[in-house]
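Trainee: Have a look at the structure that comes next, please.
What follows is calculated from the coordinates using simple rules that are stated; it is not laboratory data. Quantities reported herein were computed from a predicted structural model and do not represent experimental measurements. Cβ: placed from backbone, ideal geometry, glycine included. Neighbour counts: every protein chain shown.
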Amino acid sequence: MDERDYLEHDGLALGGLVAAGEVTAAELLAAARSRARAVNPRLNAICTWLDDHADERAAQELTGPFAGVPFLLKDLHQDLAGTPTSDGNRALAGRVATRTSTVVRRWLDAGVVVFGKTNTPEFGSKGVTEPELFGPARNPWDPDRTPGGSSGGAAAAVAAGIVPVAAASDGGGSIRIPAACTGLVGLKPGRGLVPHGPAESEPLNGLATHGVVSRTVRDTAAMLDVLAGPEAVSPYAPYAPDRSFLDRLDEAPGPLRIGFTTRCALREHPHPEAVRAVEHAAGLLTGLGHHVEEVDPPHDDRQLGRDFLVVWFVHQAIEVARIKRLTGAGDGGFEQDTLLMAALGRALGAVELQAAQERRRDHIGAVAAFHERYDLLLTPTLGEPPIWVGSLATPAPLRALAAGLLRTRATGVLRHVGMVDQVVERNLRWVPYTQLANVTGRPAISLPLHRTPDGLPLGVQFLARLRGEELLLRLARQLELAAPWPGRPD
């Protein structure tokens, strides 16, 4: 298979060619590697190569909807036994996984050929992918721009044509943000639908989930069919659809009531391109027969952002302490920003964490009230077009101050100088719309419906009520057919 043929097929189509005997898994793997050699040096999407595993796998007789399809795992909580998972962290670099994650096993059962792992920020903790361990990943549409995070390497790889679909995960927007930056489909499933075992049950207090980024809606739907369903360590059993998501994809969603907003407390003035992206989507939806109207934001997004980061900081504190015990590493095994987040987590009290958890009910109630009137909420996915690589780097004076606080163990002072609110403003201002779905556990999808005047992708997000994955996918398919998006940069 030559490169042109490889680039023109999505994952299901490639799997169909293998099943029909028209191409072999080894030939597809060779095409993926050839494409990776051509584009990865400038994008830094792939951080770990798994050549021996891939060659052995491609020689087997594979079955499943993605039989023989080249595939990349995210280098974060997606373990493949006998291979390293670093989580973007120096202390874990080179450590070999002893067992395979449930989602990875399900991808393998679907027939994929894993040949590498993709770049991610340390512990997936940022909306950009710039770990010190591997260096920044870059956007195929403009390598000076970020592909987003934390699944930035995965998104860059798919957008550049290395693979048609890649593993991703989302704890605060980490599937949807990269999809929006790179012109891809990015679905965050609802809480609990996709499992986390065997090592974890419900990480990040239920904020996080696994999924994929892809070029086509049908690949995303088929991958959700592959992943959905509980396991022994699941905290509860999610709903079980009576038919596959893929089977229902081409059923018309019917006329929907959709409320849209671009307003956000974290951005006094929405970026003009974010506004245009939503207005363009609203026009498409109206033309398809849906009722679309502007609404006020249904929730207190500033409080939600703070509650989200309280949970995140405490998680970082626990993770840093765990890895120090596991590896014997000191502070030198971690990035300074991670150590500061962990310090903020330690400075927060149990009452503050519990209060943030209990306010989840308020955020859920606000969204539930919205969904009494509307089927979907439409927002920008990003607060602005993909930002420049390095633009969120901590300024040198603040790094020097942080180094002093960490050295003297005086980081408790951070709690009393409004540091949490400063972090909310600085890190969530460019991605203020995605955390709502994580905190409330609702499914949400980013679709690549808009381009800026200089050609950069800028996705829009739809948020659904509980069990709304099927509706999101059917609407996404309707939009994909009505306004096809470019598959990759020229």
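Trainee: Which of the helices in the chain, when you take each full DSSP H run, stretch at least 24 Å along the axis at their Cα atoms and have an average Kyte-Doolittle score of -1.0 or higher?
Mentor: Going by DSSP H runs, the hits are 25-43, 301-327.
Trainee: A follow-up question, please. Given Cα positions, please report Rg to Rh for the chain, the hydrodynamic radius being the Kirkwood one.
Mentor: Answer for the chain: 0.94.
Trainee: Let me ask something else about it. Between residue 260 and residues 5 or more places away or on another chain, which pairs have amide H atoms under 5 Å apart, with H built 1.01 Å from N, and which residues are they?
Mentor: 293, 294, 295, 378
Trainee: Amide H neighbours of residue 119 under 5 Å, at least 5 residues apart or on other chains, H built in the peptide plane: list them.
Mentor: Sorted by chain and number, the residues that satisfy this are 46, 47, 153, 154.
Trainee: Another one. For the stretch 1-116, what class follows from the C-alpha gyration tensor (a ≥ b ≥ c being the square roots of its eigenvalues): rounded when a/c is under 1.5, otherwise prolate if a/b is larger than b/c, else oblate?
Mentor: Note, shape of the stretch 1-116 comes out oblate.
Trainee: May I pose another question? Positive end of the charge dipole of the stretch 426-490 (Lys, Arg +1 and Asp, Glu -1 on Cβ, about the Cα centre): tell me which of 483, 434, 456 has its Cα farthest that way.
Mentor: 434
Trainee: Using the 10 angstrom Cβ neighbour count as an exposure proxy, how do 12, 473, 382 rank, fewest first?
Mentor: Ordered from fewest to most neighbouring Cβ atoms within 10 Å, 12, 473, 382 come out as 12, 473, 382.
Trainee: Could you point to the residue in 282, 235, 313 farthest towards the positive end of the stretch 223-334's charge dipole, with +1 and -1 charges on the Cβ of Lys/Arg and Asp/Glu respectively?
Mentor: 313
Trainee: Can you count the Lys pairs in the chain with C-alpha separation below 17 Å, eight or more apart or on different chains?
Mentor: 4
Trainee: Sticking with this structure for a sec: Can you run phi through the Karplus equation (6.51, -1.76, 1.60; θ = phi - 60°) for the stretch 132-139 and list ³J(HN,Hα) in whole Hz, with x for Gly and Pro?
Mentor: Each residue's phi maps through the Karplus curve to give 5, 5, 10, x, x, 7, 10, 7 Hz.
Trainee: With charges only on Cβ, +1 for K and R and -1 for D and E, what is the dipole size of the stretch 1-147 about its Cα centre, in debye, rounded to 20?
Mentor: Computed about the Cα centre, the dipole is about 480 debye.
Trainee: So what are the ³J(HN,Hα) numbers for the stretch 122-131, from phi and the Karplus equation (6.51, -1.76, 1.60; θ = phi - 60°), rounded to whole Hz, Gly and Pro as x?
Mentor: Couplings: 3, 6, x, 8, 9, x, 10, 10, 9, x Hz.
Trainee: Moving on. About its Cα centre, how strong a charge dipole does the stretch 125-253 have in debye, to the nearest 20, once Lys and Arg get +1 and Asp and Glu get -1 at the Cβ?
Mentor: 220 debye
Trainee: Among 245, 71, rank each residue by its count of other Cβ atoms within 10 Å, from fewest to most, as a rough exposure measure.
Mentor: Result, fewest neighbours first: 245, 71.
Trainee: Near the amide H of residue 129, under 5 Å away, which other amide H atoms are found, from residues 5 or more places off or on another chain, if H is placed in the peptide plane?
Mentor: 137, 148
Trainee: If packing is taken as the average number of other Cβ atoms within 10 Å across a peptide's residues, how do 205-218, 87-100 rank, most packed first?
Mentor: 205-218, 87-100
Trainee: Report, in whole Å, the centroid distance computed from the Cα atoms of the stretch 103-124 and the stretch 152-218.
Mentor: 11 Å
Trainee: Sort 107, 49, 141 so that the residue with the fewest other Cβ atoms within 10 Å of its own Cβ comes first and the one with the most comes last.
Mentor: In order of increasing Cβ crowding within 10 Å: 49, 141, 107.
Trainee: Please report, in debye to the nearest 20, how large the charge dipole of the stretch 265-342 is about its Cα centre when each Lys and Arg carries +1 at its beta carbon and each Asp and Glu carries -1 there.
Mentor: For the stretch 265-342, the charge dipole is close to 480 debye.
Trainee: Still on this structure, I have one more. In whole Hz, with x marking every Gly and Pro, tabulate ³J(HN,Hα) for the stretch 76-89 from phi via Karplus 6.51 cos²θ - 1.76 cosθ + 1.60, θ = phi - 60°.
Mentor: 7, 6, 10, 7, 10, 3, x, 10, x, 9, 9, 6, x, 10
Trainee: Which one, 185, 151, 206, projects farthest toward the positive side of the charge dipole computed for the stretch 128-220 from Cβ point charges (K/R +1, D/E -1)?
Mentor: Looking along the dipole axis, the top candidate is 185.
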